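Read the structure below first, then the notes.
Bear in mind these aren't lab numbers, they're just calculated from the coordinates by the rules spelled out. None of the values given here were measured: they were computed from a predicted structure. No Cβ is skipped: glycine too gets one built from the backbone with ideal geometry, and neighbour counts run over all protein chains shown.
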């Protein structure tokens, strides 16, 4: 059934329920024995206002808005007309009395024309989108004061109950998942997947499964497939079972080439279990890799451990500056006077890499300004955040040591298409930087000790990456080829395995055997092969020779410049290397990181972690999947109907303008 695009899917079928309004003690807290200092006027509007005990102000009984006792009654009337239309017929307000009085709203008959019913349903669908994009559970809308705020704007507002929002969200998830499944089913190449794990506030383990591929136009594509709750006892068997279930839902279990996990032991064991299962069923080759971003982050944290307390002191100062306009402006003036650079507020004070390096950077480059401001605001900041000479020296040493890491991470986070070959190139440079620090006689002992721990983790990553799959993926990056591959990975055995894999999977696939049962019978009897089989063998031999020439020719050419767009390069040279480009399209989709690097290294990751942690079980899968799919360009769909949010916003704007015009005319 073809999907429709409508502004409204369904509208409330009943008129708003009649609700009691308590205008007793909640509205008037005046002691009945208190005498008014001024005689009450007899204006028709004053019965809707309550005079304060001191006789200086009047307060609206509907919204609590206060006015001076001298305010003209005409202005009070304007307040009632603008803020509480229908006040004169909705509620019969009696004089202030000590007891609680309950009055029922009198709803006017609604004509069967374009009215608030559709508008109210529009509001609920706009709230659905707000919940999704803000990653908020439907229970958010059960907040009493939020509903009061909507009713303050329009007393006829009626929001869906929480269970209605939840059921709509789940139905939207199912509808959009089918669209995602159809798209994935149309992918003509191999795909790769990445796994990321986290634990919610309910102490439940979740796994996100994201699919990557390169389309026919040589554009990189990424799409979240699912978010799975991992059932207890949360072992490798449960993870591999959940992962295989997702692959089967999208019918890609035979098309997955590689899986990049987040370095957690459970993910590593699950990938190993899945590979054994796939190998035993003689499915297509399956590889799995550790995440380079998580490895690099762990390596850096080992290096920062010796200066952790210093960074905390600097962060305390920066957080104070971020919250005070006066202090931040004084700091900028000092930086200008001391020529210590320009700084943009708010400064990044995240506990992630970006924030930690910012703390070292500001202490290293703006030390005089920092000290001046601390001394000026000593009572507020305290002298405890001042750095002594030993700490200043440690900051300078650590800042210089981590500068290559800063440049590497900046390149990783800003690279358009991050390939395994490029990351291996960067990680090899990081290993050399760590080794140089350990061997330098100028490095202090505390830094050498940290470098030892960093080297251990870097070596572990390199060992896991030393295999024929990463070799094949690396040489298919025209910027890397054989020349820039790390020495530990570059071997003749890996090159021969790459040739063998290429010939076996990408050169003969176009020339299948055409031998029939008769030829098979002859071979079993020891007879000669058929004429048809001879032709097929000749074609295979010619194909293999051509394929080998493609690989040899490609590797014989010098690497492309590092700034080259890898996918654009293959798009242009596709005609020269028709078979090799097919292999490149499959292998270059494999990801060196399990998540976007900026989500791990930058403050953006703090918000993602918070949203994941706070989402309850019943909303996690639907909420985060639908949000990701919308960000990937899918339209929000309810059953077979697309929700046209542009039209909803147009209707909201038209309604607002009509309301303004009506007020002006009145």
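At-a-glance table
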| read-out | value |
| --- | --- |
| Cα Rg over Rh - segment 282-366, Kirkwood | 1.23 |
| Label-point separation, residue 445 to residue 336 (7 Å along Cα→Cβ), nm | 4.8 nm |
| Estimated FRET transfer efficiency when R0 is 30 angstrom, pair residue 162-residue 222 (beta carbons, to 0.05) | 0.35 |
| Distance in nm between pseudo-label sites at residue 376 and residue 185 (7 Å out along the Cβ direction from Cα) | 6.7 nm |
| Theoretical FRET efficiency, 1/(1+(r/R0)^6), r = Cβ-Cβ of residue 432 and residue 140, R0 45 Å, to 0.05 | 0.35 |
| Cβ-Cβ FRET estimate between residue 171 and residue 501, R0 fixed at 51 Å, reported to 0.05 | 0.70 |
| Fewest-first ranking of 395, 390, using other Cβ atoms within 10 Å as the exposure measure | 390, 395 |
| Stokes-Einstein diffusion coefficient of segment 173-283, Kirkwood radius over Cα pairs, 20 °C, 1.002 mPa s, in µm²/s | 147 µm²/s |
| Residue 44 paired with residue 569, simple spin-label distance in nm, labels 7 Å along Cα-to-beta-carbon | 8.2 nm |
| Cα-based radius of gyration of segment 296-465 once divided by 2.2 N^0.38 Å, which approximates compact folds | 1.13 |
